[in-house]
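The block underneath contains the structure these notes are about, expressed in structure tokens.
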Amino acid sequence: MKKSYAFIGIQGSGKGTQAVLLAEALEYQHINIGDLLRYNVKNKTLLGAKVQSIIRKGELVPDDLVFEVIENKVSLLSKGVVFDGFPRTINQAEHLLRQFDLLRVFFLDLTEESAIERISARRVCQDCGENYNLNTQPPQIENVCDRCGGKLAIRSDDRPESIHRRFEEFYQQTSPLRYFFESHRLLSVIPAAGTIEEISRQILGLIMV
């Protein structure tokens, strides 16, 4: 089984940023479930059609489709995988333990107030999907992507009404994962209010011990 790490935490806690940094440091494959689902919807794949119809109904993407996305994405050549946005339910967590050699789960602990402040500053390129934060990682030219020159915009799920709905989903479904992974002695709680560099050092320090 492939070695893996996973990040959980409230929206805006920095899971994506830290997952990318860890994947780069370990030379692991980084898998962001949300980005993969959006890619399939945007490119009108068969899987994307299924996902879009579910999202339009305001429902969560079922676990079997999430597992299908992961199975199709994991590279046979990768040394390991860093998961971002997965798992989100106990059923997904159990699947992760069955299918991967899970080494550690990092819970990025952040208050709801701080999370909202961060989320409101996030922007994404409408063309290539590159992510920015106006406070910590702004583009060189306002509202223009550094990578491709595309226009930056607020993600639809970063709007106020979507943020509060996602917080509710987190507390109801994802929050219990903290206790699930604690019971398996796989959880490390990382205070997420610090700088990107400070948090990354803490994570790497725990791995290198």
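The values are calculated or read from the model by the stated rules, or taken from the named source; none is laboratory data. Given the structure is predicted, the values throughout are model-derived calculations rather than measurements. When we count neighbours, we look across all protein chains shown, and the Cβ atoms used for this are built from the backbone with ideal geometry, even at glycine. Just so you know, the surface numbers come from the protein's heavy atoms only, side chains and all, with ligands and any DNA or RNA stripped out. Shrake-Rupley method; radii C 1.70, N 1.55, O 1.52, S 1.80 Å.
When residues of the range 8-25 are filtered for being hydroxyl-bearing (Ser, Thr, Tyr) and in a helix (DSSP H, G or I), how many remain? Break it down stepwise before answering.
If we filter the range 8-25 for residues that are hydroxyl-bearing (Ser, Thr, Tyr), which is where we start, we get 13, 17.
Remaining after also requiring in a helix (DSSP H, G or I): 17.
Counting residues in the range 8-25 that are hydroxyl-bearing (Ser, Thr, Tyr) and in a helix (DSSP H, G or I) gives 1.
Could you check the range 7-34 and list, in sequence order, the residues that are crowded, with 16+ Cβ neighbours inside 10 Å and charged (D, E, K, R)?
Hit for the range 7-34 is Lys15, nothing else.
Let's see how each residue does on (1) open to solvent by less than 20 Å² (accessible area, probe 1.4 Å); (2) among the hydrophobic types (A, V, I, L, M, F, W, C); (3) touching a residue at least 12 places away in the same chain (Cβ under 8 Å):
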| site | (1), (2), (3) |
| --- | --- |
| Glu142 | no, no, no |
| Ala153 | no, yes, yes |
| Phe167 | yes, yes, yes |
| Tyr179 | no, no, no |
| Ser188 | yes, no, yes |
| Ile199 | yes, yes, yes |
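Considering only the range 86-97, I want to know if a residue exists there that is of a type in the set (Gly, Ala, Ser) and farther than 16 Å from Leu187 by Cβ. Break it down into steps so the answer makes sense when it comes.
Here is the first cut: in the range 86-97, the ones of a type in the set (Gly, Ala, Ser) are 93.
Now restrict to residues that are farther than 16 Å from Leu187 by Cβ: none.
The answer is no, given that none of the residues of the range 86-97 is of a type in the set (Gly, Ala, Ser) and farther than 16 Å from Leu187 by Cβ.
Are any residues in the range 79-106 in a strand (DSSP E or B) and either loosely packed, with under 15 Cβ neighbours inside 10 Å or modelled with pLDDT under 95 (or both), and if so, which ones? Spell out the reasoning first.
Of the range 79-106, the ones in a strand (DSSP E or B) are 80-84, 101-106.
Listed by number, the residues that qualify are Asp84, Asp101, Leu103.
Wholly within the range 26-75, which helices (runs of 4 or more DSSP H) include no fewer than the required count, namely at least 2 residues that are within 17 Å of the chain's Cα centre (by Cα) and at pLDDT 85 or above? Write out each step before concluding.
Working: elements: 33-42, 46-56, 63-73.
In the range 26-75, the matching helices (runs of 4 or more DSSP H) lie at 33-42, 63-73.
Quick check on the range 52-71: of everything there that is touching a residue at least 12 places away in the same chain (Cβ under 8 Å) and of a type outside the set (A, V, I, L, M), which residue is most open to solvent (accessible area, probe 1.4 Å)?
The initial filter retains those residues of the range 52-71 that are touching a residue at least 12 places away in the same chain (Cβ under 8 Å), namely 55, 60-61, 63, 65-70.
Now narrow it down to the ones that are of a type outside the set (A, V, I, L, M): 63, 67-68.
Numbers: Asp63: 36, Phe67: 38, Glu68: 68 Å².
That would be Glu68.
Looking at (1) open to solvent by 40 Å² or more (accessible area, probe 1.4 Å); (2) in contact with a helix residue (DSSP H, G or I) (Cβ under 9 Å, 6 or more places away or on another chain); (3) aromatic (Phe, Trp, Tyr), which is the one condition that is false for Tyr171?
(2)
For residues that are open to solvent by 50 Å² or more (accessible area, probe 1.4 Å) and in a helix (DSSP H, G or I), scanning just the range 110-120, find the one that is nearest to Gly9 (Cα to Cα). Even if it seems obvious, please write down each step before you answer.
Within the range 110-120, the first condition is being open to solvent by 50 Å² or more (accessible area, probe 1.4 Å), and the residues that meet it are 111-113, 116-118, 120.
The next check asks that each one be in a helix (DSSP H, G or I); those that pass are 112-113, 116-118.
Values: Glu112: 11, Glu113: 14, Ile116: 13, Glu117: 15, Arg118: 14 Å.
Selected residue: Glu112.
Looking at Leu22, is it out of contact with any Ser or Thr (no Cβ under 7 Å at 6 or more places or on another chain), of a type in the set (A, V, I, L, M) and at pLDDT below 90?
Values: out of contact with any Ser or Thr (no Cβ under 7 Å at 6 or more places or on another chain): yes; of a type in the set (A, V, I, L, M): yes; at pLDDT below 90: no.
No.
Just give me the residues in the range 42-51 being among the hydrophobic types (A, V, I, L, M, F, W, C) and surrounded by fewer than 16 Cβ atoms within 10 Å (Cβ to Cβ), in sequence order. Show your work before the answer.
Step one: of the range 42-51, the residues among the hydrophobic types (A, V, I, L, M, F, W, C) are 46-47, 49, 51.
Once the filter is applied, which keeps residues that are among the hydrophobic types (A, V, I, L, M, F, W, C) and surrounded by fewer than 16 Cβ atoms within 10 Å (Cβ to Cβ), the range 42-51 yields Leu46, Ala49.
Can you pull out every residue in the range 121-140 that is over 18 Å from Ala19 (Cβ atoms) and surrounded by fewer than 16 Cβ atoms within 10 Å (Cβ to Cβ)? Explain how you work it out, then say what you get.
Residues of the range 121-140 over 18 Å from Ala19 (Cβ atoms): 121, 123, 125-128, 134-135, 138-140.
Matches in the range 121-140: Gln126, Asp127, Cys128, Leu134, Asn135, Pro138, Gln140.
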